[in-house]
1. Please go through the range 36-90 and pick out each residue that is buried (at least 18 other Cβ atoms within 10 Å of the Cβ) and modelled with pLDDT under 90.
2. Do you know which residues across the range 96-121 are of a type in the set (Ser, Thr, Tyr), crowded, with 19+ Cβ neighbours inside 10 Å and not in a loop (DSSP other than H, G, I, E, B)?
3. State whether the residues of the range 69-80 include one that is without any contact (Cβ under 8 Å) to a residue 24 or more places away in the chain and among the β-branched types (Val, Ile, Thr).
4. Please work out which one of (1) surrounded by fewer than 13 Cβ atoms within 10 Å (Cβ to Cβ); (2) in contact with an Asp or Glu (Cβ under 8 Å, 6 or more places away or on another chain); (3) not acidic (Asp, Glu) is the condition Tyr8 fails and give its number.
5. State all residues of the range 22-51 that are among the polar types (S, T, N, Q) and either within 22 Å of Ser120 (Cβ to Cβ) or in contact (Cβ under 8 Å) with a residue 40 or more places away in the chain (or both); if no residue qualifies, say none.
6. Can you tell me how many residues in the range 75-95 are in a loop (DSSP other than H, G, I, E, B) and closer than 20 Å to Tyr35 by Cα?
7. The conditions are (1) without any contact (Cβ under 8 Å) to a residue 40 or more places away in the chain; (2) within 26 Å of Ala88 (Cβ to Cβ); (3) in contact with a strand residue (DSSP E or B) (Cβ under 9 Å, 6 or more places away or on another chain); (4) not hydroxyl-bearing (Ser, Thr, Tyr), and Lys10 fails exactly one of them. Which is it?
Amino acid sequence: MMPAAQIYKKLSGVILEKSISVASSSPAGSDGNAYAVRTGAFATSSLINVNVVSVNRDLNNTVPLQISGLTGYNLTESKILTASGQTAETILENNISADSTGKFSLPPSSVLILKYIRNSVHIVETVYLRCWQALLQDFYGAALHPD
């Protein structure tokens, strides 16, 4: 079991303003529970950022996890939180990548954190800024240099 104060500190910036409904499925846990992995998703009010948190509560098995339903978002960060053992006092945080099939491998008793950003944000901001630059250049003339 991960230390509560450390896990709270690591997750407090991940849980955003809005909770998003998530449908997930996973194999049964080795303890007979109907599921091994639970997933939650959170978004900013503007829906620009979405964070997904998945917990492998199984104490014995590594579980593959594939995330879907985030069309229009780009993955910007992926971390896995683990501990060296059931009574460890330190949480280990490492980068993680999906395998060639798009699945993340969640070790026993781990937390996966995935951070996404809406992929159209940069395009919209760039178009908006270029429109303002054009208006300002028309108004002030050639004296304005956007670079």
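The values are calculated or read from the model by the stated rules, or taken from the named source; none is laboratory data. What you see is a predicted model; the values in this text were computed from it and never measured. Cβ atoms come from the backbone with ideal geometry, glycine included; neighbour counts cover every protein chain shown.
1. Ile67, Ala83
2. Ser110, Tyr116
3. Yes.
4. The single condition Tyr8 does not satisfy is (2).
5. Selection gives Thr44, Ser45, Ser46, Asn49, Asn51.
6. Of the residues in that region, 1 qualify.
7. (1)
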